[in-house]
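The block underneath contains the structure these notes are about, expressed in structure tokens.
The values are calculated or read from the model by the stated rules, or taken from the named source; none is laboratory data. As the structure is a prediction and not an experimental result, all values here were calculated from the model. All Cβ positions, glycine included, derive from the backbone under ideal geometry; neighbour counts span all protein chains shown.
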Amino acid sequence: MGKPLKVVEAVKIPTGHYLGKIVAVEFRTEPYEYTDFIIEVVIPGQDARRLKTGFATFLTPNSQLGEFVKQITSFKVGDEVDIEKIAVGQNVEFDIVNQPGKKDKTKTYSNIVNSTLKVTK
């Protein structure tokens, strides 16, 4: 038997600019190969929440993933980069927007705009 889960109220994160920290990296292959960054979001007056944003797992100097990785470390064609090792623990800033669900347009979800994801010092 599994662990019982406590039902909690859904929290909507207002559209805006936020700070957070990358706490994990996940790799998925469905429906495409993606590198997802799990980010703990600092929400004034609330408990921290975790959101996910990702980029296609295609590391070139000009890809979205490459542009993000260049904020953390330098690399060149032929290098191997351990994304999880370099990204976890990084402080970041980003924008969140609320958008209707893809399957159920009556529901609204908070999403990180991945093009706004920037590493902060």
Q. Among the residues of the range 97-112, is there at least one that is over 16 Å from Thr15 (Cα atoms) and modelled with pLDDT of 95 or more?
A. no
Test for Pro14: is it closer than 16 Å to Val113 by Cβ and surrounded by 10 or more Cβ atoms within 10 Å (Cβ to Cβ): yes
Exercise for review: For the range 59-80, state whether one or more residues are at pLDDT 95 or above, under 30 Å from Glu9 (Cβ atoms) and either outside any loop (DSSP other than H, G, I, E, B) or not hydroxyl-bearing (Ser, Thr, Tyr) (or both).
Suggested key: no
Those residues of the range 32-57 which are touching a Gly at 6+ places or on another chain (Cβ under 7 Å) and either touching a residue at least 24 places away in the same chain (Cβ under 8 Å) or of a type in the set (Gly, Ala, Ser) (or both) amount to Thr35, Phe37, Ile39, Val41, Val42
Those residues of the range 7-48 which are of a type in the set (D, E, K, R) and at pLDDT below 90 amount to Glu9, Lys12, Glu30, Asp47
Going through the range 98-121 in order, the residues found to be under 20 Å from Ala56 (Cβ atoms), assigned to a strand (DSSP E or B) and either of a type in the set (Lys, Arg) or in contact with a Gly (Cβ under 9 Å, 6 or more places away or on another chain) (or both) are Ile112, Lys118
